[in-house]
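To start, the structure itself, in structure tokens.
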Amino acid sequence: MIKLNFRKKTIILILAFLALNVGLITCAVLLAREITTQSRQVNEFLDDLEKKSGRTEELRAALTKIRTTRQIVDPFDQYLFSDEQLLGLITDLENLASRNRVSQTILSSSLDSRSDNKVTLSLSISGTYTRVIGYLVDLEKYRFLLTAENLEFYPTGAPAEKSQDSPTTLILNLSLYVQ
């Protein structure tokens, strides 16, 4: 066996500890780099999850708005006119005229020859001014959504003592959408 003196043993021991320290420091640096890399990857993953979660929340909010809008809009179907109700429309208008004691004439209509989802009617309503206005008020309360395209009032005959009793003719152009 080789005999080493105390000085050589001490130098070898110091070199061994120095090599061990260099090895430990190298391992620590490599481990720190790996931890930093893993930490960055975890942060990127969390950011990605956060973005996806945000989109999911936005999607949920949008779906909730759609459902709410659908619940609000669904009852409006009862106010839209359908093809099966064409004869009922004419009957309802005649009943409205009868109830207000005015004379109603259909001047023109697109009931049979419409090209889109819109029905147009041109009506002539004659009676006293008050009764014609009553007809318009009742027409406004009609169960379907009617759009008055044009209103033209004309005095007919001699004026009465009270202006509200003067004979009047109303030319009324209506439209309604058919579903």
Kindly list, by first and then second residue, each pair from a residue in the stretch 131-142 that is touching a residue at least 12 places away in the same chain (Cβ under 8 Å) and closer than 14 Å to L174 by Cα to a residue that is surrounded by 14 or more Cβ atoms within 10 Å (Cβ to Cβ) and β-branched (V, I, T), limited to pairs with Cβ atoms under 7 Å and residues at least 6 apart or on different chains. Y135/V102; Y135/I125
Residue in the stretch 64-102 that is modelled with the lowest pLDDT, counting only those that are surrounded by 10 or more Cβ atoms within 10 Å (Cβ to Cβ) and of a type in the set (F, W, Y): Y79
Residue match in the stretch 40-55 (condition: within 30 Å of L139 (Cβ to Cβ) and either of a type in the set (A, V, I, L, M, F, W, C) or out of contact with any Cys (no Cβ under 8 Å at 6 or more places or on another chain) (or both)): no
Does the stretch 134-150 include one or more residues that are surrounded by 15 or more Cβ atoms within 10 Å (Cβ to Cβ), among the small types (G, A, S) and in a strand (DSSP E or B)? no
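Looking only at the stretch 112-132, count every residue that is part of a strand (DSSP E or B) and under 38 Å from the mean Cα position of the chain (by Cα) and tell me the total.
First, pick out the residues of the stretch 112-132 that are part of a strand (DSSP E or B): 118-128.
Among the residues that remain, those that are also under 38 Å from the mean Cα position of the chain (by Cα) are: 118-123.
Final tally of qualifying residues: 6.
For (1) in contact with a strand residue (DSSP E or B) (Cβ under 8 Å, 6 or more places away or on another chain); (2) charged (D, E, K, R), each residue gets a yes or a no:
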residue: I66; (1), (2): no, no
residue: R70; (1), (2): no, yes
residue: D77; (1), (2): no, yes
residue: Q85; (1), (2): no, no
residue: L93; (1), (2): yes, no
residue: S98; (1), (2): no, no
residue: I106; (1), (2): yes, no
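The values are calculated or read from the model by the stated rules, or taken from the named source; none is laboratory data. Not measured: the values here are computed from a predicted model. So basically every Cβ, Gly included, is an ideal-geometry build from the backbone, and we count neighbours across all protein chains shown.
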